[in-house]
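Peer 1: Sharing a structure with you now.
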Amino acid sequence: MCSTPIRGILNRTMKSLYIDAALGKPIPRPPVWMMRQAGRYLPEYREIRQTQSFMQMMKTPEIAAKVTLQPIRRFGMDAAILFSDILVTAEAMGGQLDYIEKKGPVFSNPVQGLADATNLETEGIDEKLAYVFSTVRLIKKELTALNIPLIGFAGGPFTVAAYLVEGQSSAHLKVLRKMIYESTDIFDCVIEKLVAVTIDYLNGQIAAGVDALMLFDTWAGYLNWEDYKRYCVAPLKQIIQGLNNPNNLPITVFSKNSGMFADLLTQTGADVIGIDSQSDIGLIRSLVPDSFALQGNLDPFLLYAPESVLESRVKAILAAMRPYKGYIFNLGHGINPDIDPEKVKLVVDLVKSSGN
Ligand code: CP3
């Protein structure tokens with residue numbers, strides 16, 4: 001019999017709930033994973049972190065692989081996400097990056113003028129980020145036995161540019177958003193270089209064996225509609241088109257305030273749209289064509305709520321997404337460091353016990 005090949009399963013050896021959901025197929029229950037599922041809320045993470053900086057942890061493949069697997073072993077999530085950070089590309093381009101306690105990432109040489117932008121390096125990504133590819137290979141050795149897929153990722157160009165230009169986390173991205181209009185040439189140069197580097201970086205992750213990819217353009221939601229198309233959708237589309245992805249590994253795009261922009265995000269060529277917590281995900285489901293899967297969108301702050309409240313909100317999201325097809329349960333943003341791991345367990349168990 002001659003049947004049309006289904007996107008993403010050509011030559012694919014791994015078959016999993018997460019991949020099925022990401023490819024928009026009907027599923028018996030939603031797969032579940034959480035953004036920042038490996039991190040400081042886990043005692044076993046803090047134990048390692050006491051003796052190592054975050055940067056050392058990321059750059060030591062054995063440690064990064066071990067930490068990636070911690071939440072999988074403890075809670076049994078349906079997908080693992082590479083333990084790394086979106087800013088490794090910016091560092092590989094020449095950004096002097098450090099993570100400062102209680103402050104977050106800082107670049108001591110922010111991009112301010114055209115010369116800074118021109119000097120950003122785009123060559124040699126394979127060598128500079130080889131530690132990430134080694135981590136991917138180590139993780140895959142462990143995960144293959146568990147039949148759990150590994151999600152690789154990169155930052156969206158706008159979001160990585162936010163740190164490269166502002167030099168640190170910033171409440172309103174004022175320096176960056178002024179640059180768009182006052183020095184468009186500098187801004188465009190940074191974005192163009194980030195697109196090129198991100199393509200090489202994700203191609204390296206694919207070659208190393210990831211099973212799916214995610215692009216975090218967290219801060220693109222600050223943009224107005226026109227500039228969201230120009231500086232979030234267009235660069236993400238260029239990246240996705242530039243991938244060497246013969247097995248059509250599913251790709252997720254995420255930004256904060258993505259609800260409003262969900263339909264635009266379908267133009268990137270991604271398979272899955274990550275939805276943040278502000279939106280009614282059931283409503284978004286009715287607006288976005290069902291060939292696109294959705295991921296989301298429990299408010300991470302609900303993990304502070306009493307169990308009964310948390311449980312009812314998880315159930316409400318599950319009810320809104322029935323019958324399950326092309327849906328991945330997640331938070332609307334990352335887990336905070338002071339969350340009780342038992343709350344995470346409760347959510348994972350609830351989703352795993354939810355049948356159609
Ligand atoms: O989701 C995961 O578990 C995978 C790993 C991951 C990290 N960062 C680990 C991390 C991923 C996917 C990211 C993405 C990331 N990093 C984004 C986009 C998504 C988002 O959360 O908005 C952004 C904007 C960053 C930049 C970044 N890295 C910030 C602002 C910070 C400081 C805030 C904080 O939580 O401390 C980081 C550090 C960081 N990245 C940590 C972790 C586990 C904390 C490291 C530590 O001190 O132990």
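Peer 1: May I ask you to list the GluC sites (Glu not before Pro) in the stretch 307-356 that are in a DSSP loop and have at most 13 other Cβ atoms within 10 Å of their Cβ? Numbers along the way, then the final one.
Peer 2: Working: sites: E307, E311, E342; in loops: none.
Listed in order of number, the matching sites amount to none.
Peer 1: Moving on to the next point. Express the carbon and sulfur contribution to the solvent-accessible surface of the chain as a percent, rounded to the nearest whole number, probe 1.4 angstrom.
Peer 2: Numbers: 7810 of 14910 Å².
Solvent-exposed carbon and sulfur of the chain make up 52 percent of the total.
Peer 1: Between beta-carbons, use under 12 Å as the cut-off and find the net charge around L350, counting Lys and Arg +1, Asp and Glu -1.
Peer 2: Net charge in that neighbourhood comes out at +3.
Peer 1: Okay, moving on. Work out how much length E101 to S53 would gain on full extension: take 0.36 nm times their residue separation and subtract the Cα-Cα distance, in nm to one decimal.
Peer 2: Separation in residues times 0.36 nm, less the Cα-Cα distance, equals 16.3 nm.
Peer 1: In addition: Calculate, for the chain, the solvent-accessible area per residue in square angstrom, rolling a 1.4 angstrom probe over the heavy atoms of the protein chains.
Peer 2: Accessible surface, normalised per residue, equals 42 Å².
Peer 1: Shifting gears a bit: Would you mind computing, in nm to one decimal, how far apart the modelled labels at N336 and E62 are, each placed 7 Å from Cα along Cα→Cβ?
Peer 2: If labels sit at N336 and E62, their model points lie 3.6 nm apart.
Peer 1: Taking 2.2 N^0.38 Å as the expected size of a compact globular protein, what ratio does the Cα radius of gyration of the stretch 79-164 give against it, to two decimals?
Peer 2: 1.27
Peer 1: Taking the Cβ-Cβ separation of E307 and Q241 as r and a Förster radius of 45 Å, what is the calculated FRET efficiency to the nearest 0.05?
Peer 2: Step by step, r from the Cβ atoms, then E = 0.50.
Peer 1: Taking the Cα centre of the chain as origin, sum charge times position over the Cβ atoms of Lys and Arg (+1) and Asp and Glu (-1), and report the length of that vector in debye to the nearest 20.
Peer 2: 1040 debye
Peer 1: How much length, in nm to one decimal, is gained on full extension between R73 and E44, taken as 0.36 nm per residue of separation minus their Cα-Cα distance?
Peer 2: 9.3 nm
Peer 1: Among DSSP beta bridges lying fully in the chain, give the percent that are antiparallel, nearest 5.
Peer 2: Antiparallel bridges make up about 20 percent of those DSSP assigns within the chain.
Peer 1: Looking at the stretch 86-163, which GluC sites (Glu not before Pro) are DSSP coil and have at most 14 other C-beta atoms within 10 Å of their C-beta? Can you show the working numbers first?
Peer 2: Working: sites: E91, E101, E121, E123, E127, E142; in loops: E101, E121, E123.
In loop regions of the stretch 86-163 (DSSP not H, G, I, E or B), the sparsely surrounded GluC sites (Glu not before Pro) are E101, E121, E123.
Peer 1: On to the next question. Anything over 30 Å Cα to Cα? Flag those among K178/K256; K140/K343; K103/K325, in the order listed.
Peer 2: Among K178/K256; K140/K343; K103/K325, the Cα-Cα distance tops 30 Å for K103/K325.
Peer 1: Using helices alone, what [θ] at 222 nm do you get for the chain, with -39,500 (n - 2.57) per DSSP H run of 4 or more residues, divided over all residues and rounded to the nearest 500?
Peer 2: That comes out to -13500 deg cm²/dmol.
Peer 1: Taking a ≥ b ≥ c as the square roots of the eigenvalues of the Cα gyration tensor of the stretch 225-266, is the shape rounded (a/c under 1.5), prolate (a/b larger than b/c) or oblate?
Peer 2: Oblate is the answer for the stretch 225-266, as a/c is 1.5 or above yet b/c matches or exceeds a/b.
Peer 1: Specify which residue in the list A234, N257, G209 is farthest towards the positive end of the charge dipole of the stretch 189-293, using unit charges on the beta carbon of Lys, Arg (+1) and Asp, Glu (-1), about the Cα centre.
Peer 2: A234
Peer 1: Give me the distance between the Cα centres of the stretch 110-189 and the stretch 55-80, rounded to whole Å.
Peer 2: When both Cα centres are located, 21 Å separates them.
Peer 1: So, in nm, how far is label S353 from label A320 when the simple model puts each one 7 Å beyond its Cα toward the Cβ?
Peer 2: 2.3 nm
Peer 1: Quick one: compute the contact order of the chain, relative version, from alpha carbon pairs under 8 angstrom and 6+ residues apart, as a percent.
Peer 2: 23 percent
Peer 1: Starting from the Cα gyration tensor of the chain, take the square roots of the eigenvalues, sort them a ≥ b ≥ c, and report rounded, prolate or oblate (rounded when a/c is under 1.5, otherwise prolate if a/b is larger than b/c, else oblate).
Peer 2: Rounded, since a/c falls under 1.5.
Peer 1: Measure off 7 Å from each Cα along the Cα-to-Cβ vector at A207 and H172, then give the distance between these two points in nanometres to one decimal.
Peer 2: Here the modelled spin labels are 4.4 nm apart.
The values are calculated or read from the model by the stated rules, or taken from the named source; none is laboratory data. Bear in mind that the values here come from a model prediction, so they are computed numbers and not experimental data. We place every Cβ from the backbone using ideal geometry, glycine too, and count neighbours over all the protein chains shown. When the accessible area is computed, the model is the full protein with side chains, heavy atoms only, and any ligands, DNA or RNA have been set aside. Shrake-Rupley method; radii C 1.70, N 1.55, O 1.52, S 1.80 Å.
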